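Written out below as structure tokens is the structure these notes cover.
Taken together, the values in this text are just the output of simple stated rules run on the coordinates, not laboratory data. Since this is a predicted model, take the numbers as computed values, not measurements. Using ideal geometry, Cβ is built from the backbone for each residue, glycine included, and neighbour counts are taken over all protein chains shown.
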Amino acid sequence: MYKMMFKVGPKKVGLGGKNLRYVARPFYAARLSDRDILCSVARNYAGLTKGEVFSVCDAVANEFRNHLFMGHTVRLMGLGTFRVSFDSVSKERRSEVKAEDISHPRVLFTPEPELLDELRNETKYVEEGKED
């Protein structure tokens, strides 16, 4: 889904006004929590209780975090790969580089090629509030 928004561009020379244009932006439906997803898994996959699903997901999340903190890249099948990155102050000599020079740690995500292909080729976009 998308919603229509105004985009303000650079002023048009000679017209004395701003260049207002319409642009499509993603429309995000309600935010789902991990609990929502896990309950859906328990409902839709036979043989799994809600407790089992929650326990396995909790264990996977803990292992995921532990391995990221140890410097591993972590691939979740069907989704993509996660890895830690950060910025660092540059120094002239190797011996001058210290841990204190590291800033802005973050987790980077690279989606699986199949996920991107599916998003690019199979997603149908409709305007918010309008039927397909």
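Name the aspartates and glutamates eligible as straight-distance cross-link partners of LYS91: C-alpha to C-alpha under 19 Å, and not fewer than 8 places from it in the same chain. The qualifying aspartates and glutamates are GLU100, ASP101.
Grab the DSSP H runs of the chain that are 4 residues or longer, score each as -39,500 (n - 2.57), total them, divide by all residues and round the 222 nm result to the nearest 500 deg cm²/dmol. Can you show the working numbers first?
Details: 3 runs with 41 residues, N = 132.
Helix contribution divided over all residues of the chain: -10000 deg cm²/dmol.
When GluC sites (Glu not before Pro) are flagged only if DSSP places them in a loop and at most 14 other Cβ atoms lie within 10 Å, the longest unflagged stretch of the chain comes out as 1-91. Here the spin labels are modelled as points 7 Å beyond Cα on the Cα-Cβ line, and at PHE86 and GLU118 they lie 3.4 nm apart.
Taken along its three principal axes, the alpha carbon spread of the chain comes to 63, 58, 24 Å, from the longest extent down to the shortest. For ASP34 and GLU63, the difference between the fully extended length at 0.36 nm per residue and the C-alpha to C-alpha distance is 8.8 nm.
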